[in-house]
1. Please go through segment 187-201 and give me each residue that is buried (at least 17 other Cβ atoms within 10 Å of the Cβ) and within 14 Å of ligand 1 (Cβ to nearest atom), ordered by number.
2. Given the conditions (1) modelled with pLDDT of 95 or more; (2) within 30 Å of residue 101 (Cα to Cα); (3) over 18 Å from the mean Cα position of the chain (by Cα), and given that residue 23 satisfies all but one, which numbered condition is not satisfied?
3. Scan segment 255-276 residue by residue and report those that are in contact (Cβ under 8 Å) with a residue 40 or more places away in the chain, touching a helix residue (DSSP H, G or I) at 6+ places or on another chain (Cβ under 9 Å) and away from ligand 1 (no atom under 11 Å from the Cβ).
4. Could you look through segment 188-203, keep only residues that are more than 10 Å from ligand 2 (Cβ to nearest atom) and in contact with a helix residue (DSSP H, G or I) (Cβ under 6 Å, 6 or more places away or on another chain), and pick out the one that is nearest to residue 156 (Cα to Cα)?
5. Has segment 200-209 got at least one residue that is in a loop (DSSP other than H, G, I, E, B) and within 10 Å of ligand 3 (Cβ to nearest atom)?
6. Considering only segment 109-152, how many residues are closer than 27 Å to residue 207 by Cα and assigned to a loop (DSSP other than H, G, I, E, B)?
7. Identify, from the list 235, 225, 255, 247, the residue that is more than 10 Å from ligand 2 (Cβ to nearest atom) and crowded, with 20+ Cβ neighbours inside 10 Å.
8. May I ask you to say which residue of 85, 100 is closer than 16 Å to residue 244 by Cα and assigned to a helix (DSSP H, G or I)?
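The values are calculated or read from the model by the stated rules, or taken from the named source; none is laboratory data. Keep in mind it's a predicted model, so treat the numbers as computed, not measured. Cβ atoms come from the backbone with ideal geometry, glycine included; neighbour counts cover every protein chain shown.
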Ligand code: B12
Ligand code: SF4
Ligand code: SF4
């Protein structure tokens, strides 16, 4: 069943009409990475301490969405790697995201939403329970928590648990296809074989944490939101959701632009960087 699910995610991303730029036949994403993790993996209860008590376990998401009958057995997580052409266009930028990056943030995320809905329907057709936590009525984002801006379900923490990558100096997840990606997840009552986690610690794929080198994402940030101490989420949010939107959203034909300068022209852009 794991291979069937993986194949269905890859097929949907390849064939969905939502997967292509409005003004060309180019795709937003390369072939997805897919991972599985048991809903009762200790990480989901650890996240109550690492993130906060508000971060829901898979079982909590299922019960809050489906009632007492809701049952979580596995979490399916996927990575949608941003194409090389889009990464290259963002590499050249110093101030605002490129048109292709902004359109990937806006329209590509609509495709990611369609992916979540499709996988839920696909599992339900096979008699399973399924919920996309990002679309659950109980999903909430909080501006002020002890760990800064955070939500009740972090897609990256689900991906980390499913063995798809590790975190980094700028918080983002570095996967075998790099740091430039979008991700998503669905919880189901179907028991699936966990993919396992191959990394020795939760920040191993970032050169800064692996051997103290790099730090190149710091100088890519146009508003100084990155430093050796990490990521100033408030400064980043103001830039991503206000400054960049006011500057380029209208001309790019989108409502959200993202930014992602720290995810391009860096050694982790398209893969796990080797030791430097
Ligand atoms: C709120 C939010 C933001 C906020 C805060 C980001 C943040 N760091 O949490 C702001 C507005 C700043 C933001 C900005 C951006 N975002 Co945003 N955002 C989200 C959202 C909606 C929720 C994130 C959340 O709940 N985070 C929870 C907190 C706790 O995460 P954290 O602080 O990073 O976690 C740290 C600790 O847990 C720590 N840690 C400490 N001890 C331990 C121990 C263990 C064992 C572990 C595992 C971890 C751990 O490691 C983590 C990294 O330092 C998600 C969608 C979703 N539902 O997940 C998208 C999401 C994170 N955003 C995304 C993107 C792409 C962006 C931008 C690049 C904008 C763009 N599209 O161009 C920027 C920059 C992101 C960055 N560098 O983090 C992607 C990230 C994909 C990726 N490549 O990693 C997501 C997943 C959306 C998606 N569906 O793909 N975002
Ligand atoms: S650019 Fe370097 S320091 Fe920044 S996240 Fe990537 S590997 Fe880590
Ligand atoms: S996404 Fe945020 S942290 Fe990264 S370069 Fe843009 S403003 Fe800076």
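1. Selection gives 187, 197.
2. Condition not satisfied by residue 23: (1).
3. Those that are in contact (Cβ under 8 Å) with a residue 40 or more places away in the chain, touching a helix residue (DSSP H, G or I) at 6+ places or on another chain (Cβ under 9 Å) and away from ligand 1 (no atom under 11 Å from the Cβ): 255, 265, 266, 267, 270, 273, 275, 276.
4. By that ranking, first place goes to 188.
5. From segment 200-209, those in a loop (DSSP other than H, G, I, E, B) are 200-206; that's our starting set.
When the remaining residues are screened for being within 10 Å of ligand 3 (Cβ to nearest atom), the result is none.
Taking every residue of segment 200-209 in turn, none turns out to be in a loop (DSSP other than H, G, I, E, B) and within 10 Å of ligand 3 (Cβ to nearest atom).
6. Result for segment 109-152: 4.
7. On the way: 235 fails: crowded, with 20+ Cβ neighbours inside 10 Å; 255 fails: crowded, with 20+ Cβ neighbours inside 10 Å; 247 fails: crowded, with 20+ Cβ neighbours inside 10 Å.
After applying the criteria, what remains is 225.
8. 100
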